[in-house]
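**Q** First the structure, which I've put down as structure tokens, then a few questions once you've had a look.
What follows draws every value from the coordinates through simple rules; no lab data is involved. Since this is a predicted model, take the numbers as computed values, not measurements. Using ideal geometry, Cβ is built from the backbone for each residue, glycine included, and neighbour counts are taken over all protein chains shown.
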Amino acid sequence: MKIFVDANILVSILNKEYPLFTYSSRIISLAEQEGIEVFTSPICLAIAFYFAEKKSGSKKAKEKIKLLSDHLGIAEATADGLKKAVNNPAIIDFEDGLEYYAALESKCRCIITEDPGDFHFSNIEVLNSEAFFKQHLLK
């Protein structure tokens, strides 16, 4: 199964934001599990870096981003995805549109975000980290 994690999941991990960290860290740890591929995008990593840098400083934030990016698949934000995001009238937040199409192009089955309503236009499953954990991992 391929899953896509949004920037807010990464931020909660990098900054150890409780209570989100409890589930978001479990989601990221799935990258080491056979049969599950965890993706994010350069845009999500840039957003996560911004917030990690505010809390931990530039050097530490870069170390954290490197560690994450070494274990995650990187979904590409393509010109085609950009055009689709711009032309989709259901997409209100452009960044969410870019993430959505990056997830689709990487063939992800689910987007994990702490703001599922932001992806109201999605044709693939969208869950927060706790719901994903409970629905897909506690079987």
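**Q** Counting Lys +1, Arg +1, Asp -1, Glu -1, what net charge surrounds Ser129 among other residues with beta carbon under 15 Å of its beta carbon?
**A** -4
**Q** Eight or more residues apart or on different chains, and alpha-carbon atoms under 28 Å: count the Lys pairs in the range 1-136 matching that.
**A** Taking the Cα cut-off of 28 Å, the pair count is 28.
**Q** Sticking with this one: So if I take the centroid of the Cα atoms in the range 1-70 and the same for the range 75-139, what is the distance between those two points in Å?
**A** Result: 16 Å between the Cα centres.
**Q** Does the chain come out rounded, prolate or oblate, given a ≥ b ≥ c as the square roots of the eigenvalues of its C-alpha gyration tensor, rounded meaning a/c under 1.5 and, failing that, prolate meaning a/b above b/c?
**A** Cα axes put the chain in the oblate bin.
**Q** Could you tell me which of rounded, prolate or oblate describes the range 68-139, using a ≥ b ≥ c as the square roots of the eigenvalues of the alpha-carbon gyration tensor, with rounded for a/c under 1.5 and, failing that, prolate when a/b is larger than b/c and oblate otherwise?
**A** Taking the square roots of the gyration eigenvalues as a ≥ b ≥ c, the range 68-139 is oblate.
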